[in-house]
Amino acid sequence: NYAVTGSGGPYLWQAVDAHAQTVYTNGPKCGQFRGYGAPQGVFGIESALDELCELIGADPWEFRMANRLPQEGVSFLGYPVAESLGYAQVLEALRPSYREYQAQAAEYNAANAGGEYRMGVGLAGMWYRFGKSGSLAVEAHAELDRDGRLVVYCSAPDYGQGTTTVMAQLAAEALGLPRDCVSVVNGDTARTPDSGIQGASRSTYWVGGAVTRAAAALREQILGTAAEMLNQDPERLELRPGAVVAPGEDRLPLAEVAVEMERIGLARRVRGVFAPGLDDDFLASRPEYLPFFVTGAHVAEVEVNVETGQVRVAHVAAAHDVGRAINPQGLRGQVEGAVVMSLGLALMEEYLPGVTRGLNDYYLPTARCMPRITVIPVEVPSRWGPLGAKGLGEAATLATAPAILNGIYHACGARVRTLPATPERVLAALREAGARNAGRSSAASAAEQVR
């Protein structure tokens, strides 16, 4: 499902025939991994687009920009997208890096003509679905504790990607307080509501939307109660760390507000529900998954040793439309980690059933493999997400591998169609390209003799 959805990309197609099949084999058991099949689909289409550009003499950047899916266009899946689509802005943001790398590669190759190293630049785009199936309503809670603490309850499990931090940030923003004033209880089945499935880069948009609404509702309830206690207009009160402050700096501790809320029978824990504001006609005919997509593009500058087939990635620039960068540092970490993870997919990680026995013969990228990575956040606000945010996490893995393999081709003419592009496969592709070029030369020579 994800492989097919990712395989058409953010492009406008005249006709599509897509088919996917799950095959059960006697091979080792496999399970989900970051991207859920989308990296393979994106690798296929972005490599094919690069080959098409070569055939028709088109510039890869210009070709993608000219054929991008417009906001109101019909996707290759047969229906329009229902969230903002920032692919044009992504390509524009990436263009300076792409042209800079091209100039560097041309200068390097001219200075090292006839040498064993060649440099090339590859470009690849992507889109990734973060719309969900099933119920569109996502729930979170916010509470004023008896001791005056502010607590958020949500289910957006944090596997290290920073969702707990983001939920605290969004709640603090809605409350108008510093982040350290908010505690988050995340993914505790005894205490938190069911916030729906949170895989596939959905957490910030869906659960974050519910957290924002819960926190805003709690703020309104706190200020309303405090206004009654202080005999003030709620709009003249200010929520500060540990207290509500009235004009003249009169302070009312939040713990006292909590006591008053209990005394008058007002719930200290409030519910926030987020659902995108889609119209009824769309909801009546919507596909299984809401057509919400994030887009991005990567450009890779690679160096190929044509004698050994070894590939080194020098630079990667990665542009992603995130809607709104809630945590810029976390965003950079997500993208940098995704680039290195995908570098392994592109060049070295390969599991061979019956052969691979452990990490001694399963090669992973190390610090020595790290390219210089430039992260370019692009902010095209979402229609309904919290503060305009969209998703990012898994989407960041998709474009690196095809960008690297397109770069290998532009460096030395070797088109590798199987991942990873090991030295053996690069050399085999070089030999194939050499034989093909020799055949063309022989055919051209024979034709000239006939003439």
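The values are calculated or read from the model by the stated rules, or taken from the named source; none is laboratory data. Quantities reported herein were computed from a predicted structural model and do not represent experimental measurements. Ideal geometry is used to build each Cβ from the backbone, glycine not excepted, and the neighbour counts take in all protein chains shown. Areas reflect the complete protein model, heavy atoms only, side chains present, ligands, DNA and RNA absent. Shrake-Rupley method; radii C 1.70, N 1.55, O 1.52, S 1.80 Å.
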- Message: Let's test this: bin the Cα-Cα distances of segment 259-337 at 10 Å from zero up to the farthest pair and state each bin's percent.
- Response: 11, 21, 20, 21, 15, 7, 3, 2, 0
- Message: Given R₀ = 41 Å, what would the calculated FRET efficiency be for residue 350 paired with residue 12, taking r from the Cβ atoms and rounding to 0.05?
- Response: 0.75
- When the convex hull of the Cα atoms of the chain is projected onto a plane and the area is averaged over all directions, what value comes out in nm²? 28.7 nm²
- Task: Nearest 5 is fine: what % of DSSP beta bridges in the chain come out antiparallel, could you say?
- Result: 75 percent
- Student exercise, segment 136-286 dipole from Lys, Arg, Asp, Glu Cβ charges, in Debye to nearest 20: 320 debye
- Long-range amide H partners of residue 363 with built H, under 5 Å: 350
- Query: Quick one: Karplus J couplings for segment 262-274, per residue in order, coefficients 6.51, -1.76, 1.60, θ = phi - 60°, nearest Hz, x for Gly and Pro?
  - Reply: 5, 4, 8, x, 9, 5, 7, 10, 10, 9, x, 10, 10
- chymotrypsin sites (Phe, Trp or Tyr not before Pro) within segment 107-176: DSSP coil, no more than 15 neighbouring Cβ in 10 Å: 159
- Query: Computed over the Cα atoms of segment 65-160, what is the ratio Rg over Rh, Rh following Kirkwood?
  - Reply: 1.23
- Note on the structure: Note, residue 406: beta-carbon cut-off 12 Å, +1 each Lys/Arg, -1 each Asp/Glu, net -2
- Just need log10 I(q)/I(0) for segment 185-243 at q = 0.13, 0.15, 0.27 Å⁻¹, Debye formula, equal scatterers on the alpha-carbon atoms, no solvent, rounded to two decimals. -0.51, -0.62, -1.08
- With just the Cα atoms of segment 342-441, tell me how far they stretch along each of the three principal axes, in Å, largest first. 57, 42, 25
- Towards the positive end of the charge dipole of the chain, with charges on Cβ (+1 Lys, Arg; -1 Asp, Glu), say which of 298, 234, 133 has the farthest Cα. 298
- Query: From the backbone phi of segment 356-373, what are the Karplus-calculated ³J(HN,Hα) couplings (6.51 cos²θ - 1.76 cosθ + 1.60, θ = phi - 60°) in whole Hz, Gly and Pro given as x?
  - Reply: 6, 10, x, 6, 5, 10, 10, 8, 10, x, 10, 4, 5, 8, 5, x, 6, 10
- Scan the chain and report its longest stretch carrying no GluC sites (Glu not before Pro) that are both in a DSSP loop and have at most 13 other Cβ atoms within 10 Å. 308-451
- Message: Given 37 °C and 0.692 mPa s, compute D for segment 157-291 with the Stokes-Einstein relation, Rh being the Kirkwood radius over Cα pairs; round to the nearest whole µm²/s.
- Response: 196 µm²/s
- Could you grab the Rg to Rh ratio for segment 124-208? Cα atoms only, Kirkwood for Rh. 1.01
- Nearest 10 degrees, 0 to 90: helix 208-230 Cα axis against the chain principal axis: 20 degrees
- Query: When the Karplus curve 6.51 cos²θ - 1.76 cosθ + 1.60 is applied with θ = phi - 60°, which whole-Hz ³J(HN,Hα) does each residue of segment 72-81 get, with x for Gly and Pro?
  - Reply: 9, x, 8, 6, 5, 6, x, 9, x, 7
- List the residues whose amide H sits under 5 Å from the amide H of residue 243, counting only those 5 or more places along or on another chain, with H placed 1.01 Å from N in the peptide plane. 254
- Would you mind checking the radius of gyration and Dmax of segment 145-192 based on alpha-carbon positions, in Å? 10.7, 31
- Cut-off under 5 Å, modelled amide H: who pairs with residue 391 long-range: none
- Message: As I understand it, the dipole of segment 1-102 uses +1 on the Cβ of Lys and Arg and -1 on the Cβ of Asp and Glu, about the Cα centre. Which of 71, 91, 18 lies farthest toward its positive end?
- Response: 18
- Item | Neighbour net charge for residue 144 - beta-carbon separation under 9 angstrom, K R +1, D E -1 | +2
- Prolate/oblate/rounded label for segment 37-81 (Cα gyration tensor, a/c 1.5): oblate
- Note on the structure: Computed for segment 321-406: size of charge dipole around the Cα centre, +1 on C-beta of each Lys and Arg, -1 on C-beta of each Asp and Glu, debye to nearest 20, value 240 debye
- Protein accessible area in the chain, 1.4 Å probe - carbon and sulfur %: 50 percent
- Query: Rounded if a/c is under 1.5, else prolate if a/b beats b/c, else oblate: with a ≥ b ≥ c from the C-alpha gyration tensor eigenvalues square-rooted, which is segment 212-300?
  - Reply: prolate
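What does the helix-only formula give at 222 nm for the chain: each DSSP H stretch with n ≥ 4 adding -39500 (n - 2.57), the total divided by the residues, and the result rounded to the nearest 500 deg cm²/dmol?
One gets -12500 deg cm²/dmol as the mean residue ellipticity at 222 nm.
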- Task: Using the Cα centre as the reference, give the magnitude of the dipole from point charges on the C-beta atoms of the chain (Lys, Arg: +1; Asp, Glu: -1; all else neutral), rounded to the nearest 20 debye.
- Result: 820 debye
- On average, how much accessible surface per residue is there in the chain, in Å², for a 1.4 Å probe, leaving out ligands, DNA and RNA? 47 Å²
- Message: Just to verify a number: what accessible area does residue 33 come out at with the full protein assembly present, 1.4 Å probe, Å² rounded to tens?
- Response: 140 Å²
